[in-house]
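*Asks:* Mind looking over this structure? Questions follow.
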Amino acid sequence: QDCFAVVTAGVQETTRLLENKFDYIFYTGTPSVGKIVMAAAAKHLTPVTLELGGKNPCYVSDTCDVQNVARRVAWGRFFNAGQTCIAPDYVLCSVEMQEKLLPALRKAITDFYGPNPQESPDFGRIVGDKHFQRVQTLLHSGRVVIGGQTDEEERYIAPTVLVDLQPSDPVMQEEIFGPILPIVIVANVDEAIDFINSRERPLVVYAFSSDDKVVNQVLERTSSGGFCGNDTLMHVTLTSLPFGGIGRS
């Protein structure tokens, strides 16, 4: 009872593992494999928690502490070079807020990782060559306003911010899982909520505002595995809260 058995394996071994009767299964991965895990668990009526990621929206209202928002969003997005399932995947804000947010994000990135993040001991690399190629391709969406530099040999992709995006752009179609932050323009909180609700339900929704009513509005009118107001990532540090996705997340 004081230790865990750890098995490192591939598809064949994992398939065999799922034939056993477990008390509980917690799976982190893709929706396609999540379906396989859930089907295998159903044979033994084993309860499951599926954490399948997705595109986590981050709404930033016009009434907020811009410097504070920039630091918290930059930390959440670029932590582990963006390779966390709960990272804010894209920002929704007005044109006016984007103009304020961009210089604040640039400053936050420099504060965290220095003038050249590639030389920073605190900035990671993409986990593998296949994922590097995938994330690098996403840089062609919209327009790069911060970062954009890459080094294939090191699997380095700089902390990057994209603007002038369309919802149909590739970077808006899949979970990024890398150090890229797209900014999508919306007129107001209602338009942001409509945008969020028009897509698959995410693992987490983030909302920043100095007005609690705005934060609560986003919470009450959207559906997601988790929610965090005026911060990023911190909700998973609370062991008293449940964790998991909803639908495809």
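The values are calculated or read from the model by the stated rules, or taken from the named source; none is laboratory data. All figures in this text were calculated on a predicted structure; none of them were measured in a lab. Positions of Cβ are backbone-derived with ideal geometry, glycine not excepted, and every protein chain shown enters the neighbour counts. We work out accessible area using only protein heavy atoms, side chains counted, and drop any ligands, DNA or RNA first. Shrake-Rupley method; radii C 1.70, N 1.55, O 1.52, S 1.80 Å.
*Asks:* Can you tell me the FRET efficiency between Ala5 and Thr237 if r is taken as the Cβ-Cβ distance and R0 is 30 Å, rounded to the nearest 0.05?
*Replies:* Working: r = 26 Å, r/R0 = 0.87.
Taking R0 as 30 Å, the efficiency between Ala5 and Thr237 is 0.70.
*Asks:* Okay, moving on. Looking at the square roots a ≥ b ≥ c of the eigenvalues of the Cα gyration tensor of segment 1-90, which shape do they give, rounded for a/c under 1.5, prolate if a/b is larger than b/c, or oblate? Spell out each step's value before the answer.
*Replies:* Numbers: a/c = 2.96, a/b = 2.47, b/c = 1.20.
Taking the square roots of the gyration eigenvalues as a ≥ b ≥ c, segment 1-90 is prolate.
*Asks:* Please list the non-local residues whose amide H lies under 5 Å from the amide H of Tyr90, H modeled 1.01 Å from N, same-chain partners needing a gap of 5 or more.
*Replies:* Asn56, Cys58
*Asks:* Any idea what the alpha-carbon Rg over 2.2 N^0.38 Å comes to for segment 73-150? Show your work: numbers first, answer last.
*Replies:* Values: Rg = 13.0 Å, N = 78, 2.2 N^0.38 = 11.5 Å.
Relative to the 2.2 N^0.38 Å estimate, segment 73-150 comes out at 1.13.
*Asks:* What is the sum of charges around Gly225, taking Lys and Arg as +1, Asp and Glu as -1, for the other residues whose C-beta is under 10 Å from the C-beta of Gly225?
*Replies:* Numbers: positive: Arg201; negative: Glu51.
For residues surrounding Gly225, the net value is 0.
*Asks:* A further question follows. Taking 0.36 nm per residue of sequence separation and subtracting the Cα-Cα distance, how much length would be gained by fully extending the chain between Gln149 and His44, in nm to one decimal?
*Replies:* Values: separation 105, 0.36 × 105 = 37.80 nm, distance 4.91 nm.
Contour length minus the Cα-Cα distance gives 32.9 nm.
*Asks:* Mind putting a number on the dipole of the chain about its Cα centre? Charges go on the C-beta only, +1 for Lys and Arg and -1 for Asp and Glu, and I need it in Debye to the nearest 20.
*Replies:* 500 debye
*Asks:* Return the carbon/sulfur percentage of the accessible area of the chain, one whole number, probe 1.4 Å, all protein chains in place. Mind dumping the intermediate values first?
*Replies:* Values: 7010 of 13310 Å².
Solvent-exposed carbon and sulfur of the chain make up 53 percent of the total.
*Asks:* If you put +1 on each Lys and Arg Cβ and -1 on each Asp and Glu Cβ, how big is the dipole of segment 11-98 around its Cα centre, in Debye rounded to 20? Kindly include the intermediate steps, with their values, before the conclusion.
*Replies:* On the way: 8 positive and 8 negative charges, 54 e Å.
With Lys and Arg at +1 and Asp and Glu at -1, about 260 debye.
*Asks:* Still on this structure: With a 1.4 Å probe and every protein chain left in place, tell me how much accessible area Arg201 has, in Å² to the nearest 10.
*Replies:* Only protein atoms counted, so the area is about 110 Å².
*Asks:* Tell me which lysines have Cα within less than 28 Å of Lys43's Cα, excluding those fewer than 8 residues away on the same chain?
*Replies:* Lys21, Lys35
*Asks:* What is the packing order of peptides 237-243, 135-141, 16-22, taking the mean over residues of other C-beta atoms within 10 Å and listing the highest first?
*Replies:* Details: 237-243: 8.7, 135-141: 17.6, 16-22: 11.9.
With the highest mean Cβ count within 10 Å placed first, the list reads 135-141, 16-22, 237-243.
*Asks:* Rolling a 1.4 angstrom probe over the protein chains, ignoring ligands and nucleic acids, what is the accessible area of Phe227 in square angstrom, nearest 10?
*Replies:* For Phe227, solvent-accessible area is about 50 Å².
*Asks:* Based on DSSP H runs of at least 4 residues, each adding -39500 (n - 2.57), what is the mean residue ellipticity at 222 nm of the chain after dividing by all its residues, to the nearest 500 deg cm²/dmol? Walk me through the numbers on the way to the answer.
*Replies:* On the way: 7 runs with 80 residues, N = 249.
Helix-only estimate at 222 nm: -10000 deg cm²/dmol.
*Asks:* Using the beta-carbon distance between Asp190 and Asp212 and R0 = 22 Å, what value does 1/(1 + (r/R0)^6) give for FRET efficiency, to the nearest 0.05?
*Replies:* On the way: r = 17 Å, r/R0 = 0.78.
Approximately 0.80, to the nearest 0.05.
*Asks:* Each residue of segment 33-50 in turn: what ³J(HN,Hα) in whole Hz from Karplus with 6.51, -1.76, 1.60 and θ = phi - 60°, glycine and Pro shown as x?
*Replies:* For segment 33-50, the Karplus-derived couplings read 6, x, 5, 5, 4, 5, 5, 5, 5, 4, 4, 10, 6, 7, x, 9, 10, 10 Hz, x marking Gly and Pro.
*Asks:* If you don't mind, there's one more thing I want to ask. Rg(Cα) of segment 130-249 divided by 2.2 N^0.38 Å? Please report the intermediate quantities before stating the final value.
*Replies:* Working: Rg = 15.8 Å, N = 120, 2.2 N^0.38 = 13.6 Å.
So segment 130-249 has a normalised radius of gyration of 1.17.
*Asks:* Calculate how many DSSP beta bridges within the chain are antiparallel, expressed in % of all such bridges and rounded to the nearest 5. Don't jump to the answer; show the numbers that get you there.
*Replies:* Numbers: 5 of 25 bridges.
Approximately 20 percent, going by the DSSP bridge assignments.
*Asks:* Less than 14 Å Cβ to Cβ from Phe112, Lys/Arg counted +1 and Asp/Glu -1: what total charge do the surrounding residues give?
*Replies:* +2
*Asks:* Based on the Cβ-Cβ distance of Arg221 and His140, what FRET efficiency does E = 1/(1 + (r/R0)^6) give at R0 = 35 Å, to the nearest 0.05?
*Replies:* So the FRET efficiency works out to roughly 0.60.
*Asks:* In addition: Taking every alpha carbon pair in the chain, what does the distance histogram look like in 10 angstrom bins from 0, in percent?
*Replies:* Values per bin, smallest distances first: 7, 30, 34, 20, 8, 1.
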